[in-house]
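S.K.: Got a structure here, written out as structure tokens. Questions coming.
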Amino acid sequence: MFGYVLPSRDRLDERERERFRAVYCGLCHTLRERYGFAASLLLNYDFTLLAILLSSGDEESCAVRRCAVHPCKGCRAQTSTPALEAAADRTVILSWWQLRDHIADHGFWSGLKYRFASLFLRGAYRRAGERLPRFDAAVRLHLQALAALEDARCASIDMAAEPFAALMADAAADLTDEKRRRILGQILYQLGRWIYLIDAADDLQKDAVSGNYNPVALRYGLRDGKWDEENRRAFARTLDHSIHMIATAF
């Protein structure tokens, strides 16, 4: 369900692009240092954005570091910070439960790659869960709520998106600054809602073939997984609402 958040590079100046790359590389190093090489493969732009949102907003120190991707010249990476560590811990927990969701949604043979990946991530997940037991427990509860809606074949996209949106908002629950916690929680809630709905729309045809639960298909009556223009516009307005709420929070 992750992988939909991308930086708008044409809207960033060179300094902003450099900072984003430094956070991206810094998160990769932090994941590897805290959880091993396999955890660094979980790196994506979604969690890089989370690291930026969890940071204080100040420019952090950087250093040129080498890795498997940049073995000779190295790359400019942000040095480890509490925000990077917090993002790394949440990356592992959320990725673990995403893997468990994929295992549940696939048969034995088609789910083998997810079972195989979970073997490599199990130890990292246990350590992350020990560091953030409250967050791990909250993720479990939200996913159980989502599973109940799936079993009931809920046709409300608002109700279906709620557990994942709340799950994302919980990533800010440990912030000590009340104002930042409230604002960031609202941003992550609307971002989670948007991600869930985009993912459901992206899976329309696949779910139409497999018969898997898809709230967008049920809400708009898309039995064959194909849009008509009227429903496409209505769904676009729903997505625009989440984007507007994110912008308003800032």
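S.K.: Somewhere in segment 230-249, is a residue open to solvent by 80 Å² or more (accessible area, probe 1.4 Å), farther than 17 Å from Met168 by Cβ and in contact (Cβ under 8 Å) with a residue 60 or more places away in the chain?
M.R.: No, the conditions are met nowhere in segment 230-249.
S.K.: Just the residues that are at pLDDT 85 or above and of a type in the set (Ser, Thr, Tyr), please, taken from segment 103-120.
M.R.: Ser118
S.K.: Within segment 214-229, which residues are open to solvent by 30 Å² or more (accessible area, probe 1.4 Å) and at pLDDT 90 or above?
M.R.: Leu218, Arg219, Gly221, Asp224, Lys226, Trp227, Asp228, Glu229
S.K.: So the check is Cβ under 6 Å with 6+ separation or different chains; which pairs have a first residue in segment 204-221 that's on the phi > 0 side of the Ramachandran plot and among the hydroxyl-bearing types (Ser, Thr, Tyr) and a second one that's open to solvent by 70 Å² or more (accessible area, probe 1.4 Å) and outside any loop (DSSP other than H, G, I, E, B)?
M.R.: Between residues of segment 204-221 that are on the phi > 0 side of the Ramachandran plot and among the hydroxyl-bearing types (Ser, Thr, Tyr) and residues that are open to solvent by 70 Å² or more (accessible area, probe 1.4 Å) and outside any loop (DSSP other than H, G, I, E, B), there is no close pair.
S.K.: Which of the residues belonging to segment 144-191 are surrounded by fewer than 14 Cβ atoms within 10 Å (Cβ to Cβ), assigned to a helix (DSSP H, G or I) and among the hydrophobic types (A, V, I, L, M, F, W, C)?
M.R.: The one that is surrounded by fewer than 14 Cβ atoms within 10 Å (Cβ to Cβ), assigned to a helix (DSSP H, G or I) and among the hydrophobic types (A, V, I, L, M, F, W, C): Ala148.
S.K.: Filter segment 171-215 for residues that are in contact with a Gly (Cβ under 8 Å, 6 or more places away or on another chain) and of a type in the set (D, E, K, R) and give the result.
M.R.: Within segment 171-215, Lys206, Asp207 meet the criteria.
S.K.: Among the residues of segment 60-100 satisfying the criterion of being among the basic types (Lys, Arg) and in a helix (DSSP H, G or I), which is surrounded by the fewest Cβ atoms within 10 Å (Cβ to Cβ)?
M.R.: This residue is Arg100.
S.K.: A further question follows. Is it true that some residue in segment 23-45 is touching a strand residue (DSSP E or B) at 6+ places or on another chain (Cβ under 9 Å), open to solvent by 50 Å² or more (accessible area, probe 1.4 Å), at pLDDT 90 or above and not acidic (Asp, Glu)?
M.R.: Looking for residues that are touching a strand residue (DSSP E or B) at 6+ places or on another chain (Cβ under 9 Å), open to solvent by 50 Å² or more (accessible area, probe 1.4 Å), at pLDDT 90 or above and not acidic (Asp, Glu), one finds at least one in segment 23-45, hence yes.
S.K.: For segment 104-140, what are the residues that are open to solvent by 90 Å² or more (accessible area, probe 1.4 Å) and within 17 Å of the chain's Cα centre (by Cα)?
M.R.: Arg140
The values are calculated or read from the model by the stated rules, or taken from the named source; none is laboratory data. This is a predicted model, so every value here is computed, not measured. All Cβ positions, even for glycine, are placed from backbone atoms using ideal geometry, and neighbour counts span all protein chains on display. Remember, those area values only see protein heavy atoms, side chains included, never the ligands or the DNA or RNA. Shrake-Rupley method; radii C 1.70, N 1.55, O 1.52, S 1.80 Å.
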